Amino acid sequence: MPTDLTDLAAPAHTALLVMEMQRGVAGDLARFPDLATTCSERGVTANAARVATAARAAGVRVVQCTAAFRPDRAGSHTRNSPFLRALLKDPAHMLEGTAAVEVLPELSDPSDLESRRYHGFSPFTGTSLDMTLRSLGVTTVVAVGLSLNLGVPGLCLEAVNLGYRVVCVTDAVAGTPAEYGDAVLKHTIPLLAARATAGDLVRAWEG
C-alpha cells in the first residue's frame, strides 16, 4: 500500500473510473469468456464493486467509462487496428441500446456518472471525461475494470499525460491471459500509477 494513499486518494479530489465493466465485456454476454472467467475466479468484479460502494459512501465520484458502437458505426474508426477489425466482424458487437453495453448491476448506481466512447480503447480521447473530472476538482483517478491488455494501461497513460495522479486497484483489474495481466501489473502499471488493493482503498476512505 502506498504510504500516502490517504492523502493521494482524498475523497474531495478523487474519482473512481470503472473501465468497461459491462455485460458484453465482463458479464453474461461477454465476447471473451476467458476474461469474464478471470474476473469471476479472481474476485475482480466483487472487488471493483466493493471499491465502488466505499467510494460512494466516502463522497468519491464514480464514473462508468463505457464503450459502444452505433449500428451504422458512425463516429467510430473501425479499420485502424487489427483488433477492432476482428471485433466488428460481428455486426451486433456492443451496439448502443442493447443489453451488452449495460454496466454490470453490481457495479451500477443511479448516482454514477457515465462517460461513453465510440472509438479507441481508452476513456479520455474523444470524450468529455477530462472536462468532467476537472469541473469536479478531481486531481487523482482510481482505476478498476478491464482490461490490462489495452484499456487500463491506456487509462493510466492518458491520465498521467493530462496531469492526474493515478491509483490502480490491483485486485480489481484483469487481463487475458491472466498471466499476461499479472505481468502488466508488475512491469508497466508501476511506471504510471500507485498500486493498492481494494482493501487498501476501503480502509483509506472509511478512515
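Residues in the range 31-48: is at least one at pLDDT 95 or above and over 18 Å from Ala172 (Cα atoms)?
Scanning the range 31-48 turns up no residue that is at pLDDT 95 or above and over 18 Å from Ala172 (Cα atoms).
Look through the range 166-183, keep the residues that are part of a strand (DSSP E or B) and β-branched (Val, Ile, Thr), and return whichever of them is nearest to Ala194 (Cα to Cα). If you could, list the steps in order and put the result at the bottom.
As a first pass, look at the range 166-183 and keep what is part of a strand (DSSP E or B): 166-174.
Add one more test, that the residue is β-branched (Val, Ile, Thr), and what stays is 166-167, 169-170, 173.
Details: Val166: 6, Val167: 5, Val169: 9, Thr170: 10, Val173: 14 Å.
Of everything passing the filter in the range 166-183, Val167 is nearest to Ala194 (Cα to Cα).
Do you know which residues across the range 93-110 are in a loop (DSSP other than H, G, I, E, B) and either modelled with pLDDT of 85 or more or open to solvent by 60 Å² or more (accessible area, probe 1.4 Å) (or both)? It would help to see each step written out before you state the result.
Applying the first criterion (in a loop (DSSP other than H, G, I, E, B)) to the range 93-110 yields 93-94, 96-98, 102, 104, 108-110.
If the condition is that a residue be in a loop (DSSP other than H, G, I, E, B) and either modelled with pLDDT of 85 or more or open to solvent by 60 Å² or more (accessible area, probe 1.4 Å) (or both), then Glu96, Gly97, Thr98, Glu102, Leu104, Ser108, Asp109, Pro110 are the ones that fit.
Could you check the range 1-36 and list, in sequence order, the residues that are assigned to a helix (DSSP H, G or I) and either under 23 Å from Ser135 (Cβ atoms) or open to solvent by less than 60 Å² (accessible area, probe 1.4 Å) (or both)?
Restricting attention to the range 1-36, the residues satisfying the condition of being assigned to a helix (DSSP H, G or I) are 5-8, 11-13, 23-26, 33-36.
Residues satisfying the conditions are Leu5, Asp7, Leu8, Pro11, Ala12, His13, Arg23, Gly24, Val25, Ala26, Leu35, Ala36.
Given the conditions (1) at pLDDT below 85; (2) surrounded by 17 or more Cβ atoms within 10 Å (Cβ to Cβ); (3) among the hydroxyl-bearing types (Ser, Thr, Tyr), which single one is not true for Ser115?
Evaluating Ser115 over (1) at pLDDT below 85; (2) surrounded by 17 or more Cβ atoms within 10 Å (Cβ to Cβ); (3) among the hydroxyl-bearing types (Ser, Thr, Tyr) leaves (1) as the failure.
I need every pair where a residue in the range 57-78 that is under 14 Å from Met19 (Cα atoms) and assigned to a loop (DSSP other than H, G, I, E, B) has its Cβ under 7 Å from the Cβ of a residue that is at pLDDT 95 or above and open to solvent by 20 Å² or more (accessible area, probe 1.4 Å), sequence separation at least 6 or different chains.
Ala68/Arg116
Give the range 100-144 a look and list any residue that's touching a Leu at 6+ places or on another chain (Cβ under 6 Å) and over 25 Å from Ala196 (Cβ atoms), or say none.
Ala100
Take the residues in the range 168-198 that are among the hydrophobic types (A, V, I, L, M, F, W, C), in contact (Cβ under 8 Å) with a residue 12 or more places away in the chain and farther than 23 Å from Gln22 by Cβ; name whichever of them is least open to solvent (accessible area, probe 1.4 Å). Give the derivation first.
Filtering the range 168-198 down to residues among the hydrophobic types (A, V, I, L, M, F, W, C) leaves 168-169, 172-174, 178, 183-185, 189, 191-194, 196, 198.
Filter again for in contact (Cβ under 8 Å) with a residue 12 or more places away in the chain, leaving 168-169, 172-174, 178, 184-185, 189, 192-194, 196, 198.
Restricting the remaining residues to those that are farther than 23 Å from Gln22 by Cβ gives 192, 194, 196.
Working: Leu192: 44, Ala194: 27, Ala196: 3 Å².
The residue in question is Ala196.
So which residues in the range 144-171 are over 14 Å from Val25 (Cβ atoms) and in contact with a helix residue (DSSP H, G or I) (Cβ under 7 Å, 6 or more places away or on another chain)?
Within the range 144-171, Pro153, Cys156, Leu162, Arg165, Val166, Val167, Cys168, Val169, Thr170, Asp171 qualify.
Any chance you could count how many residues in the range 139-153 are closer than 22 Å to Leu5 by Cα and part of a helix (DSSP H, G or I)?
So the answer is 2.
Would you pick out the residues in the range 126-143 that are farther than 23 Å from Ala26 by Cα, open to solvent by less than 20 Å² (accessible area, probe 1.4 Å) and of a type outside the set (S, T, N, Q)? If you could, list the steps in order and put the result at the bottom.
Residues of the range 126-143 farther than 23 Å from Ala26 by Cα: 126, 128, 130-140.
Now restrict to residues that are open to solvent by less than 20 Å² (accessible area, probe 1.4 Å): 133, 138, 140.
Within the range 126-143, Leu133, Val138 qualify.
The values are calculated or read from the model by the stated rules, or taken from the named source; none is laboratory data. This structure is a prediction, so every number in the text was calculated from the model and none was measured. Cβ atoms come from the backbone with ideal geometry, glycine included; neighbour counts cover every protein chain shown. Heavy atoms of the whole protein, side chains included, go into the accessibility calculation; ligands, DNA and RNA do not. Shrake-Rupley method; radii C 1.70, N 1.55, O 1.52, S 1.80 Å.
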